[in-house]
Amino acid sequence: MTLITPKTLRKSGLVLVAACSVLATAGCKHTEPGTRVAGWTLIDPSQRHPILVSQEPTVLPLRVARGSSGLSPRQRAKVLDFYAGFRATDTGNSRLIIKVPSGAPNEVAAMHAVREMRALLESEGASESNILVEPYFAEGEPQPPVRLSFTRFVAEAPDCGTWPTNLAHEPANLPYPNLGCATQRNFASQIANASDLIEPRGMSSRSSERRDTVWNKYIKGEVTSSKKSNDEKIKVKKK
């Protein structure tokens, strides 16, 4: 038989109060609606809405009639305009590819057009090694085109308009999923050369004429600044 004393009752009361406190604390914990991914909510917009860069071919088809001896004036203008676009987007790793129809009725005329096309491109600064001529089999086409092409980088904008959360209720004060998407999309549409997003362009060589002149004067102990005429000098009136 267990004897219950006032001291035992006091100890039991303390244990009961402690247990009730634990239960009360557990009852105050809010139930989390789901697992939050820190990589989705805490990163900056350029990582949440990345601009994807891919490569795609740009093709200029030129129809060459059977029996013709080269390109027409309009076709020559198209080739020059196409090459200007190539130079604007080229990063130094792309080539101009001329695909010639093989076995077609206009094969001889196409070869004349290719010869003129190469001469036209080289006159505009394209190197001979940067122009590649490839045949392609044109089955069943009476007048297949000569295709001038190159591969360029293209910026693919992110898709916006995702609103899965209520912006009026954000207890964690975290960025909402669509934040910064419109800025990224506008930026992608304004990029002239998408290869700049991958790596910076190489620097051109320095202009060394003036630098060499200044350096030679510095070695000789002479004044390195350029000489100024009397009209260029500042005149101060003495009091």
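Give me the dipole magnitude in Debye, nearest 20, for segment 67-111 about the Cα centre, with unit charges on the beta carbon: positive for Lys and Arg, negative for Asp and Glu. Don't skip to the answer; put the middle values down first.
On the way: 6 positive and 3 negative charges, 18 e Å.
Charge dipole, segment 67-111, about its Cα centre: 80 debye, nearest 20.
For labels at Arg87 and Arg201 in the simple 7 Å Cα→Cβ model, what's the distance in nm?
For the pair Arg87/Arg201, the computed spacing is 1.2 nm.
Residues with amide H under 5 Å of Glu156's amide H, sequence separation 5 or more or different chain, H placed in the peptide plane at 1.01 Å from N; which?
Close amide H contacts, sequence-distant or interchain: Leu52, Val53, Ser54.
Which distance in nm do the two modelled labels at Glu156 and Arg66 give, with both placed 7 Å along the Cα-to-Cβ direction?
Spacing of the two 7 Å Cα→Cβ label points: 4.2 nm.
Can you find, among Ser207, Leu197, Val154, the residue sitting farthest towards the positive end of the charge dipole of segment 136-236, where Lys and Arg contribute +1 and Asp and Glu -1 at Cβ?
The residue sitting most towards the positive pole is Ser207.
Leu60's amide H: which non-local residues (gap 5+, or another chain) put their own amide H closer than 5 Å, with H modeled 1.01 Å from N in plane and none for Pro or chain starts?
The list, which skips near neighbours in sequence, is Leu148, Ser149.
Cβ neighbours within 10 Å, averaged per peptide: list 217-229, 146-158, 183-195 in order, most packed at the top. Walk me through the numbers before you get to the answer.
Working: 217-229: 9.0, 146-158: 18.5, 183-195: 14.5.
Going from most to least packed, we get 146-158, 183-195, 217-229.
Give a residue-ordered list of calculated ³J(HN,Hα) values for segment 127-135 (Karplus: 6.51 cos²θ - 1.76 cosθ + 1.60, θ = phi - 60°; whole Hz; x for Gly, Pro).
After applying 6.51 cos²θ - 1.76 cosθ + 1.60, I find 6, 4, 6, 8, 10, 10, 10, 10, x Hz.
May I ask you to give the solvent-accessible area per residue for segment 124-187, in square angstrom, as obtained with a 1.4 angstrom probe?
Working: 4060 Å² over 64 residues.
Per-residue accessible area for segment 124-187 comes out at 63 Å².
What full-extension length gain, to one decimal in nm, is calculated for Lys78 and Ser129 as 0.36 nm per residue of separation minus the Cα-Cα distance?
Net length gain for the segment: 16.2 nm.
To two decimal places, what compactness ratio does segment 120-239 give when its Cα radius of gyration is scaled by 2.2 N^0.38 Å? Present the calculation step by step, with values, prior to reporting the outcome.
Working: Rg = 30.0 Å, N = 120, 2.2 N^0.38 = 13.6 Å.
Compared with the compact-globule rule of thumb, segment 120-239 sits at 2.21.
What percentage of the solvent-accessible surface of segment 87-239, computed with a 1.4 Å probe over protein heavy atoms, is contributed by carbon and sulfur atoms?
Using a 1.4 Å probe with all protein chains present, segment 87-239 comes out at 50 percent carbon and sulfur.
Can you compute 3J(HN,Hα) from phi for each residue in segment 142-149, using the Karplus curve 6.51 cos²θ - 1.76 cosθ + 1.60 with θ = phi - 60°, rounded to whole Hz and x for Gly and Pro?
With coefficients 6.51, -1.76 and 1.60, one gets x, 9, x, x, 8, 10, 9, 8 Hz.
The values are calculated or read from the model by the stated rules, or taken from the named source; none is laboratory data. Here the structure is a predicted model, which means the values were calculated and not measured. All Cβ positions, glycine included, derive from the backbone under ideal geometry; neighbour counts span all protein chains shown. Note: accessible area is taken over every heavy atom of the protein model, side chains too, but ligands, DNA and RNA are not part of it. Shrake-Rupley method; radii C 1.70, N 1.55, O 1.52, S 1.80 Å.
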